[in-house]
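Have a look at the structure below, then the notes.
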Amino acid sequence: MNTLIKRSMTAFFALSLIFVITPAMSYTKKDIVDTAVSAGQFNTLVAALKAGELVGVLKGSGPFTVFAPTDEAFKALPNGTVESLLKPENKSKLIAILSYHVVPGKTVSSKIAGKMLTAKTVQGGSVDIDGTNGVRINNASVVKADIIASNGVIHVIDKVLIPN
C-alpha cells in the first residue's frame, strides 16, 4: 500500500509541474476570431471577416493556421483598396483574399523553422513558406508567431497576401 501511495503522489506531483510550467496561453478558450479581436491590432481584418461573412468559419472547430495581417499591413495597400473590398459587390474577391491567409491544420513555428515549404490555402492557391531566416510567407514577414487559439494558431504578418 505504501508503494501505491508513493506512486500516486509522484504522478500527482508530475502532473502539477506540467500545469505550472506550461504557459497559460496554450490553454486559451478563445477561438481565432476572439483572439484577434482582443489583440487590438487586427481591426481591419476582423471588419473584413464580418463583411465576407467568414467569422462563423473561423469560430468553427478547425484547426486553422491564420497568417493575420495587422491594421498597418492593410493601410499599406493602395488608397481605397480596403474600402473597395468591403463593398457588397466585391464580396467574392474579399473572401478569396481572406481565405488565402488560412491554411488547414495547426502549424506552429517550430514545425516551419529551417524549412522551405509550400502550403495549400483554404482559398485553393498555395503560399510559399520560408523558415530558413526568420519566417516569410510569400513576400510577407512573420512579425509574431504562435498566438495559440482554441481552434488553431495565428501568425502575425506585415503584409496582406494577394492570391494570383
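The values are calculated or read from the model by the stated rules, or taken from the named source; none is laboratory data. If you're wondering where the values come from, they're calculated on a predicted model, not measured in any experiment. Positions of Cβ are generated from backbone atoms using ideal geometry, with glycine treated the same way; all protein chains shown enter the neighbour counts. Each accessible area value is taken on the protein alone, full model and side chains, heavy atoms only, with ligands, DNA and RNA left out. Shrake-Rupley method; radii C 1.70, N 1.55, O 1.52, S 1.80 Å.
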Exercise. Just by accessible area at a 1.4 angstrom probe, what is the order of 162, 157, 148 from largest to smallest?
Worked result: 162, 148, 157
For this session: Taking a cut-off of 17 Å between Cα atoms, list the lysines near residue 30, but don't count ones fewer than 8 places away on the same chain.
Result: 59, 106
Problem set entry | Members of 29/87; 115/144; 50/144 lying beyond 29 Å, as alpha-carbon distances in this model show | 29/87
For this session: Work out, step by step, the length gained on full extension between residue 91 and residue 106: first 0.36 nm times the residue separation, then minus their alpha carbon distance; give nm to one decimal.
Result: 2.7 nm
Problem set entry | Euclidean distance between Cα centres, the range 108-135 to the range 43-59, Å | 23
Problem set entry | Spin-label model distance (nm) - residue 43 vs residue 118, 7 Å beyond Cα toward Cβ | 3.9
Problem set entry | Residues of the range 94-113 with amide N under 18 Å of a point placed 7 Å along Cα→Cβ from residue 50 | 94-95, 98
